[in-house]
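Working notes, structure below.
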Amino acid sequence: MPVPTYDVLIIGSGASGGMTAYELTKRGIKCLMLDAGPPIDYDRDRVPRAVCDLPYRGFGKPGRFPHVTQANEFNAAIWADEQQNPYTYDPKDPYYWVRVRRVGGKTLVWGRASWRLSDYEFKAKDHDGYGENWPISYADLAPYYDKCEPLFRVSGRKAGLPQLPDGIFIEDSAPDTQSIARFKTAAKKRGIPTTQPRRATGQLASSLNLLLPDALATGNLTLVPNAVVRRITVDKKTGLMNGADFVDRHTRREMQATARVVVVGASCLESTRLLLNSGIANSSGVLGHYLFDQFYVKNAIQAVVPEARDGKATRDLMGGAGYIPRFRNLDKKDKDFIRGYSVDFSSGGTPDPKYFPLYGEPLQKALNAHRGAGFDATVMGSVLPRWENCVNIDKEVTDAWGIPALHIQARYTDNEFNMARDATDTLAELCGDAGFDILEKHDRMVPPGESIHELGTCRMGDDPKTSVLNKWNQSHDIKNLFVVDGSSFVVGGSQNPTLTILALSMRAADYMAEQMRAGNL
Ligand SMILES: Cc1cc2nc3c(=O)[nH]c(=O)nc-3n(C[C@H](O)[C@H](O)[C@H](O)COP(=O)(O)OP(=O)(O)OC[C@H]3O[C@@H](n4cnc5c(N)ncnc54)[C@H](O)[C@@H]3O)c2cc1C
């Protein structure tokens with residue numbers, strides 16, 4: 001039987017692959033999508049189970065997911081199995097690589113926080129002299145953000161801040177509770193801006209529910225799950241990509257896919273691994289370098305609103321959430337670090353028992369007294385893209401299908417440590433001004449990777465000697481190869497990246513379709 005040839009092969013079905021398929025198929029372009037994971041079957045996979053029926057009472061088998069702090073016994077089937085999918089790092093510099101191998105990718109579980117980048121990120125070098133600018137500016141991406149926000153039904157409130165461009169939101173007009181209002185007033189008095197959270201609406205706001213169904217409905221998408229791509233293949237006559245070799249996850253049968261154009265959207269580090277294992281797109285030597293993410297200081301502040309203690313956490317006093325966008329180093333250099341951080345804060349939780357040095361009945365009494373009276377804040381800081389933070393292929397280790405694994409090398413530097421310290425001190429001051437009691441403040445970052453915002457290892461740029469992709473997410477070396485995920489970022493800021501990944505892949509698909517129509521691809 002002849003092997004069908006597709007117009008475009010898309011590797012990965014998450015945010016970036018899903019958006020590429022959504023855009024291309026509606027223009028009549030025939031796409032084949034390969035994803036390493038199984039499909040989701042909501043009827044089978046979402047059966048309610050009582051904790052007492054689970055062998056590990058909900059906590060999960062110890063040691064099964066050493067790097068996935070979000071994993072528990074209820075959601076264990078979602079995460080990429082760490083035994084089947086190993087990676088390595090120097091034990092001195094642990095890296096927490098959090099992966100989802102399922103159709104829909106990490107959008108099945110993302111928190112849906114959706115922020116735009118600004119020219120403080122796209123033109124960061126112009127601003128503070130460090131690193132490189134993106135080859136595009138905010139104006140290039142704004143029309144695509146405009147389309148992605150309504151598609152993902154992002155709720156939020158316009159704030160008029162140049163460092164956090166407004167978008168097309170479902171208006172969030174919920175009034176602030178007194179505790180949130182007090183914190184916002186304290187911030188305003190110190191010149192620190194705050195705004196409402198911006199979030200894609202609904203737990204089903206995923207590639208699986210919002211992108212793939214429309215793409216499949218066109219009849220132009222063939223989606224193959226359980227297809228682990230081993231390498232992208234080259235046509236020796238033309239030097240162009242002609243498809244990929246892949247292996248069935250279960251049967252281990254080896255297969256080939258053929259297409260005119262290859263799009264890689266397997267997530268930042270998996271895409272980079274695939275390109276390194278294929279030996280392509282690296283004439284610059286930059287592939288795998290400049291790995292960065294956002295550092296997180298989880299619960300940098302845990303405070304209590306005193307008036308809410310002892311059962312007085314009423315609905316008008318407690319509850320709600322907000323966001324501090326970057327405010328450092330905008331108009332002037334004002335601290336011992338460059339760039340900046342943002343903060344998610346929320347009111348109305350009950351502080352974790354770890355904050356009370358008590359046991360038994362006294363602990364229970366303390367928890368009862370603080371029920372719903374908590375205020376906490378998590379810091380997300382911009383991480384500098386540095387050549388030294390990089391990935392390469394570990395020649396000794398392979399995954400369950402014999403595909404060479406990644407070695408990851410990532411470390412934070414003083415710029416990030418100083419930023420974390422400043423953020424925690426500033427938050428403590430704001431809580432004090434707002435009249436909150438602080439139970440704990442700390443500036444301990446989680447290990448690199450745990451923010452799940454890995455970026456930058458396949459960066460775009462105008463110069464083929466210093467970047468892997470051009471401004472259209474297209475390989476400088478091979479014109480029919482595109483990489484559409486977060487590996488293409490040059491600078492990430494402190495905003496969660498997925499809205500930008502969606503906008504970039506939509507823009508790349510637009511360009512691809514135009515180039516195919518013009519006969520250039
Ligand atoms: C718990 C959690 C919370 C998050 N919260 C937020 C948030 O609030 N805001 C935000 O902006 N971002 C958030 N993120 C990050 C967000 O989910 C990712 O940025 C986004 O999904 C990345 O899209 P992607 O297409 O690059 O990768 P993914 O969505 O991960 O998709 C990659 C796909 O590629 C497939 N794949 C990998 N390797 C291969 C291979 N060799 N062959 C075939 N297929 C392969 C995988 O199976 C997967 O389906 C969160 C992530 C997690 C896990």
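For the residues 373, 420, the requirement of being over 22 Å from residue 289 (Cα atoms), in contact (Cβ under 8 Å) with a residue 40 or more places away in the chain and more than 29 Å from the chain's Cα centre (by Cα) singles out 373.
Residue pairs, Cβ under 6 Å, 6 or more apart or interchain, first in the range 136-163 and among the hydroxyl-bearing types (Ser, Thr, Tyr), second assigned to a strand (DSSP E or B). List them. Within 6 Å, the pairs are 155/170; 155/199. When residue 459 is tested against (1) more than 19 Å from residue 292 (Cα to Cα); (2) buried (at least 21 other Cβ atoms within 10 Å of the Cβ); (3) basic (Lys, Arg), only condition (1) is not met. Exactly one residue among 360, 432, 402 is closer than 30 Å to residue 84 by Cα and surrounded by fewer than 17 Cβ atoms within 10 Å (Cβ to Cβ), and that residue is 402. Residue under question is residue 134, and the condition is that it be closer than 28 Å to residue 160 by Cβ, modelled with pLDDT of 95 or more, within 8 Å of the ligand (Cβ to nearest atom) and surrounded by 23 or more Cβ atoms within 10 Å (Cβ to Cβ); does it hold? It is false that residue 134 is closer than 28 Å to residue 160 by Cβ, modelled with pLDDT of 95 or more, within 8 Å of the ligand (Cβ to nearest atom) and surrounded by 23 or more Cβ atoms within 10 Å (Cβ to Cβ).
The set of residues from the range 234-266 being free of Cβ contacts under 8 Å to residues at least 40 places away in the same chain and touching a strand residue (DSSP E or B) at 6+ places or on another chain (Cβ under 8 Å) comprises 235, 242, 245, 248, 253, 254, 255. Within the range 488-520, being more than 17 Å from residue 144 (Cα to Cα) and either away from the ligand (no atom under 12 Å from the Cβ) or without any contact (Cβ under 8 Å) to a residue 40 or more places away in the chain (or both) holds for 490, 491, 515, 516, 517, 518, 519, 520. Could you tell me whether residue 485 is within 13 Å of the ligand (Cβ to nearest atom), modelled with pLDDT of 95 or more, under 25 Å from residue 30 (Cβ atoms) and in contact with a helix residue (DSSP H, G or I) (Cβ under 9 Å, 6 or more places away or on another chain)? Here the answer is yes, as residue 485 does meet what is asked.
The residue that is farthest from the ligand (Cβ to nearest atom), among those in the range 80-93 that are outside any strand (DSSP E or B) and touching a His at 6+ places or on another chain (Cβ under 8 Å), is 89. Among the residues making up the range 197-223, a single one is crowded, with 19+ Cβ neighbours inside 10 Å, in a helix (DSSP H, G or I) and away from the ligand (no atom under 13 Å from the Cβ): 215.
Taking the criterion of being within 8 Å of the ligand (Cβ to nearest atom) and either among the hydrophobic types (A, V, I, L, M, F, W, C) or in a loop (DSSP other than H, G, I, E, B) (or both), the residues of the range 94-107 that qualify are 98, 99, 100, 101, 102, 103, 104. Scanning the range 108-122 for residues that are touching a strand residue (DSSP E or B) at 6+ places or on another chain (Cβ under 7 Å) and away from the ligand (no atom under 14 Å from the Cβ) yields a single hit, 118. State all residues of the range 437-460 that are of a type in the set (Ser, Thr, Tyr) and either out of contact with any helix residue (DSSP H, G or I) (no Cβ under 6 Å at 6 or more places or on another chain) or outside any loop (DSSP other than H, G, I, E, B) (or both); if no residue qualifies, say none. The one that is of a type in the set (Ser, Thr, Tyr) and either out of contact with any helix residue (DSSP H, G or I) (no Cβ under 6 Å at 6 or more places or on another chain) or outside any loop (DSSP other than H, G, I, E, B) (or both): 451. Cβ-Cβ distances below 9 Å connect no pair with a first residue in the range 67-88 that is over 22 Å from residue 389 (Cβ atoms) and among the basic types (Lys, Arg), a second residue that is within 12 Å of the ligand (Cβ to nearest atom) and in a loop (DSSP other than H, G, I, E, B), and a separation of six or more residues or different chains.
Scanning the range 461-514 for residues that are farther than 19 Å from residue 215 by Cβ and either in a strand (DSSP E or B) or basic (Lys, Arg) (or both) yields a total of 8.
Could you please find all residues in the range 328-346 being in a loop (DSSP other than H, G, I, E, B) and surrounded by fewer than 21 Cβ atoms within 10 Å (Cβ to Cβ)? Break it down stepwise before answering.
Going through the range 328-346, the residues in a loop (DSSP other than H, G, I, E, B) turn out to be 328-340.
Residues satisfying the conditions are 329, 330, 331, 332, 333, 334, 335, 336, 338.
The values are calculated or read from the model by the stated rules, or taken from the named source; none is laboratory data. In this text the structure is predicted, and so the values were computed from the model without any measurement. No Cβ is skipped: glycine too gets one built from the backbone with ideal geometry, and neighbour counts run over all protein chains shown.
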